[in-house]
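Each reported figure results from applying straightforward, stated rules to the coordinates on display, with no laboratory input. On a predicted model such as this, the values are computed, not experimentally measured, just so you know. Positions of Cβ are backbone-derived with ideal geometry, glycine not excepted, and every protein chain shown enters the neighbour counts.
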Amino acid sequence: MSLLGPKSGGLGEKVFNRLVSVPGLYDGLHFAHLRTGSRLAGLLGEAAIAKLAPALQAELERQPADLVLSVFATGASAAARLRSRPGAPHPVTVVLCTDVTVHRIWVSEGTDLFLVTSRAAEESVRRYLPRARVAVVPPPVRSGFYDAPPQQQAREALGVPADGFCVLVMDSGWGFGPLAASVQALADAGVHVLAVAGRQQAVERRFREIAQRTPTVTPFGFTDRIPELMAAADVVVALPGATTCSEARIVGRHLLLLDVMPGHGRDNLLHELELGNAHVCVPTPAGVTASALALRDVIARPAPQPDAASSPRWEPAFTEALQQIGLDLPTPGDAAADGRAAEPGRAAEPSRAAEPGRAAEPGRAAEPSRAAEPGRAAEPGRAAAAGPTRSPGAATAPGAATAPDAAAAAVPARGAQPR
């Protein structure tokens, strides 16, 4: 959105937020148009590209990049469109989508690689581009979640009783659901509540007001202590956002999800339920409380420390996938140079476009990425991330409990730096 400038970008963000805030309206747009790729979806995509592509081209001419990593649908379309513009910069273009369904505006000719986190998402890409290069990879999660402390240690640091039932309630930046009233209802039922408002200042004020009269509520605004808070909790109450759910799974906590996020949120909810250790509740204070208390009676307490082998890190799979398009990135073992041993990762799923005997997509197979051209040396450069992110560095490891930022941010391209 920032590429559109303060006026157009602000207007675009307001329109999107308004659409999402009216569930029936956004559900209709998502399921009837964006997912099916209707004429309306095409018109919306073209309108966004007309504004974004020239701005992205100007940014890349000002600061050349070797890789554009798009984490938002309109950014993906704009980056792909540059490949068809004579004289425009032609960096490698990669799309990262963590939703379980990838709608039409995400998918365009000119994208070198789609990174998705499920087979369903892989096939949703190929609905529109049957020969697209797609890699299924683990969801990107910040390292702090892999290193979350044991539950007892986290509770001591936060003042949570060792034998109490504790629920973490998180606002993921959208302001959906009756979170403040649910926090009060949970506390009235004897639950210790860790209440995170993120950047929603009005919600934070409500949480702090409740905490003043209810000692079993611990309020937070925007915080970087989410790994510790998840570790202390028995259950995480949140929207079915892919990032938050992935973080809770790495820490090994049950999810209690609110079905209040329209469009892709409905898709993600069903996917999380299929993955297991996730539950859905009626999105009212009474519904949240009843479901949380039911979980209290059946889940293991204290929560066991997750086995590192059951939660492979995502970096090796991303590295392998990017190597398929000629990007020379550090190997997973390079993590040890930062003082952290690399853990075994899940290999990236091979693209069907690379399967023996499978015909290449017309017009794409003969177009190698610039990083892979014979005789072409890697140039010092950077990777641009096109689209809004949820936290600093979110193009590679989205964080939790932060509000959506509008950004087409540039990040160093480690693979392009002299080594």
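Per-structure values
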item	result
Karplus-derived 3J(HN,Hα), 6.51/-1.76/1.60, for each residue of region 290-303, Hz, glycine and proline x	4, 5, 5, 5, 5, 5, 3, 7, 10, 8, 5, 9, x, 5
Protection-proxy order for peptides 139-147, 66-74, 125-133, each taking the mean of Cβ atoms within 10 Å per residue, highest first	66-74, 139-147, 125-133
Average Cα contact separation per residue, region 183-279, under 8 Å, 6 or more apart, as relative contact order %	20 percent
Extension gain from residue 297 to residue 181, taking 0.36 nm per residue of separation minus the Cα-Cα distance	39.5 nm
Debye-sum result for region 143-309 in log10 I(q)/I(0), which assumes one identical scatterer on each alpha carbon, at q = 0.08, 0.09, 0.16 Å⁻¹	-0.20, -0.25, -0.85
Residues whose placed amide H lies under 5 Å from that of residue 256, excluding near-sequence neighbours	236, 237, 238, 279
Computed label-point distance, nm, for sites residue 46 and residue 85 using a 7 Å Cα→Cβ extension	1.8 nm
Relative contact order for region 143-309, counting Cα pairs under 8 Å that sit 6 or more residues apart, in percent	26 percent
In Hz, Karplus ³J(HN,Hα) per residue of region 50-66 (6.51, -1.76, 1.60; θ = phi - 60°; x = Gly, Pro)	4, 8, 7, 4, x, 5, 5, 4, 5, 5, 6, 6, 6, 9, x, 10, 8
Vicinal HN-Hα couplings computed from phi for region 136-147 (Karplus, 6.51 cos²θ - 1.76 cosθ + 1.60; Hz; Gly/Pro x)	8, 10, x, x, x, 9, 4, 4, x, 6, 5, 9
Top positive-direction residue, dipole computed over region 143-309 with Cβ charges, set 290, 197, 254	197
